[in-house]
1. In whole Hz and in residue order, list the ³J(HN,Hα) couplings for segment 405-415 that follow from phi through the Karplus curve 6.51 cos²θ - 1.76 cosθ + 1.60, θ = phi - 60°; x for Gly and Pro.
2. To the nearest 10 degrees, how steeply does helix 662-672 sit against the main Cα axis of the chain, on a 0 to 90 scale?
3. How do ARG260, ARG707 stack up against each other in accessible area, from largest to smallest, with a 1.4 angstrom probe?
4. If you take the square roots of the eigenvalues of the alpha-carbon gyration tensor of the chain and sort them as a ≥ b ≥ c, do you get rounded (a/c under 1.5), prolate (a/b over b/c) or oblate?
5. Using the alpha-carbon centroid of each, what span in Å lies between segment 529-559 and segment 139-181?
6. Pop out the carbon and sulfur fraction of the accessible area of segment 182-276 as a percent, whole number, probe 1.4 Å.
7. Compute, for segment 419-500, the length of the dipole vector about the Cα centre, with Cβ point charges of +1 (Lys, Arg) and -1 (Asp, Glu) only. Units Debye, rounded to 20.
8. Once Lys and Arg get +1 and Asp and Glu get -1 on their Cβ, which of ALA240, PHE263, ALA252 lies farthest toward the positive end of the dipole of segment 227-282?
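The values are calculated or read from the model by the stated rules, or taken from the named source; none is laboratory data. The structure displayed is predicted, hence computed values, not measured ones. Because the Cβ atoms are built from the backbone with ideal geometry, glycine has one as well, and the counts that use them run over all protein chains shown. To get the accessible areas, we keep the full protein, side chains included, count just its heavy atoms, and leave off ligands, DNA and RNA. Shrake-Rupley method; radii C 1.70, N 1.55, O 1.52, S 1.80 Å.
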Amino acid sequence: MSAGRSRGALAIGSLAFAGALAGRAHAGEGAVATAPPGRGQPALAVGFDEAGALRARTCAAKPCAVAGGLELALPAEARPLVSGARLHVVRIGRGRTAIHVYVPDSAHERAWEAVVAAPIAGAEPVVAFQGWTGRTAGEHGERGGASVSVSEPDADGHRSVLVGEEREDVTVCGRRSLLAPRVLDPETLRLSPVKLQRLSVEERERAPRLALAPAAADAPAAVPGLLRATAASGAIGDPAALTDGDAETAWAENRGGDGRGEFVVLTAPAGLALSGLELVLVPARSGDPLAVAPRELWLATESRLFHVTVPDEARHAPGARWAVALDPPLAGECLAVVLEAGFEQRKDAHVTIAEVAARTALDGASPEALAGALAGGGERARAASVVLRSGGEPAFRAVAAAFASLDEAGRALALDVLDHAPCEVSARPYADALLGASTGQRTHAEIRLRRCGAVAAAALAQALARAPRRESARVAGELAVVAPGRAVEAILARIAGARRRERRALRVVLARAVAAPSAAETVTRALESDATPAEARLEVLRAIGVPSAPVARAAAIALARLGAPSAPFRTRYLLLEPAGALGADRRALDFVRAALRDQNPHLRAQAARAVRDPRQLPSELLRALDDPAVRVREAAAERLGDPRAGFAQARLRARLRADPWPLVRVATATALAHQGADRATDRALVEAAVDDAPSVRAAALLALGARGASEHLAVVRERFAVREEAVEVRVAAAQTLGLLCDTASLTTLTPHALALADPMLPDEARAIGLAALDAVARLQPADAQARLAPLLGRSAPPPVRRAARMALARADRCRAPARR
């Protein structure tokens, strides 16, 4: 019996078959195929009746019409496809025939097929098979389904009709293969199990012949694990036993007899040339009394086929190694072992193979030698990497030890090998790669180290200790991801002696690390320990921000110790922000209070900025508002802008009117924007709206808007209308008109917004126009779409079109702000 065909080959074979049987193949809607009477069979007609139904009917003789015959179960979704249907009369032997129906559905990579025969007794046709065939179920790469194949004719012109299953992941290295095949028996007209050689006659006839020979006693053992059995046409037990390195386990076919055509598929490493194979045919200790060694087998790759014969002595040699040389070596990712015959032909025999292993040019090389061979990245290096991937922990440790001495190409191959290793082995070379020159290898290492998690902490800490200055923050960042507490320790060990730029970068990472709850114990220990240098404790305090409860007490104690009056200016200055973050802690407040009275104005200004809640130090902040140093007054005003600082409103008004410095007046106007409703404050801001300094006027207008002081709209409209007014003031005025929901100003604002359509608009006018557009967007008049239409047209500059679309879509439409 010749080979069955796969789904794709069946379509080609069907067309060729139709041409070969001219006059007996019929196509399309309305077609009818008629099989003549045969040995014990009446004539049979199969085809489509006038209503489009597919029917089968027997007759005593030709001609034979299908009308009134048995209707086959052609599904509704197949009926539109019958124009492409093919019906073939097949001579199946013993003077009998069958009809094969093929309705292709190329859009879904399937077909509807049926195999029908005239009965030996009776009048009703025998439907041996009907249904969808092809890849009808499963995930991509594992799809499968039923399959019908018709063989090539034998010398007498007879063909076999085969029905089975096909799976795209179980093939003889790309040769689609019928699984669990059954043949239409010409004697019974039923489907019966059959052993099937999937390899074509033509390919078998061309195959070179090889012979197994005993493996040389002094030959190094083949490297286990290079080949991996992944699938089989059938198996007793797990096919993986064929490549598990254990000569006591085995793969056996489960069809009986000589096992002809049964196969097992193995994957081979890409890029590794196989110079030979080593087989153990008879298990070293077989528990199967029916096991039989193969007498002939085939070795198949994607493009080559070899016929291998087995010497008689192999049948009685348990555990013996047999070798076959492959010249030239095989290169490919697939290798299939296909059985042809066993040493015994019993029906209950199980043709068995215990082991298949690959031989390569690198057989016998030590893991250390293979690791060294990775250098250069050439063909031999790539082959060594493949062998190392299958070498287990000794190979992985050898690669890890050699990593630092390899060149860039060798390191790339080493990383691919180490991806298969446990993190305990691979973490150190990954950390080395993190410090390397190759961007790709650094990215590779980052991904793998994060997968390793805390296991990689020690390797990363060591890498941080030896990292160049410009790389230290990146390594520290990876350590902070996998082990924040360990990162705190490692960063503190390095940061004290770091230069300014490196220290700044490390401080950012340190802040991330100390924020992790898992790092709290490490942070507390670092703050409390006398062994921690003062500079390192300072860095921790600066990094922790608002400390969690477990850390707050240790932070306050460390602050008090570091911030003694005798401490250097730099230390006291840098401690002020951590002191503010400690909030109501008495020691922290005392430290800030003392700094607000310090002789150094820089320290007083920083102390004012550090206060988190102005109610904690109200008298000190009010005193700072009258400080002789301008930057101290500015900082105090900014801090008193907190809504909780209502006690300072009158003093802020006085400072707004009296301070000689515009920057202080801007700060006080901005601070008053956040204070509660007070007409005196509104009047002070109206006065400031005509201040000599444009920056103060702008700040005062925005403060009026923020306070919802709509009774003072007149001064805002006036500032916007004055063409000679400073641009920043007119911009602030436009924004304030929007904040105050002044719909009466729409007619004034709209022309300025529409002026944005001019691509040559001066910068000053553009700034005013954008502020006007923002105000119109807040006001959202009913005609907003039409009003802004010129800004939406194709003639408007693209940035303006985008701004207009965003303005129309904004959600914060105007609601008059609550009066404060």
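1. 3J(HN,Hα) across segment 405-415, in whole Hz: 8, 7, 7, 4, 5, x, 5, 4, 5, 4, 5.
2. Value to nearest ten degrees: 70.
3. Final ranking, largest accessible area leading: ARG260, ARG707.
4. Details: a/c = 4.20, a/b = 1.86, b/c = 2.26.
Oblate is the answer for the chain, as a/c is 1.5 or above yet b/c matches or exceeds a/b.
5. So the separation of the two Cα centres works out to 73 Å.
6. Working: 2090 of 4140 Å².
Carbon and sulfur together cover 51 percent of it.
7. For this selection, approximately 380 debye.
8. Selected residue: PHE263.
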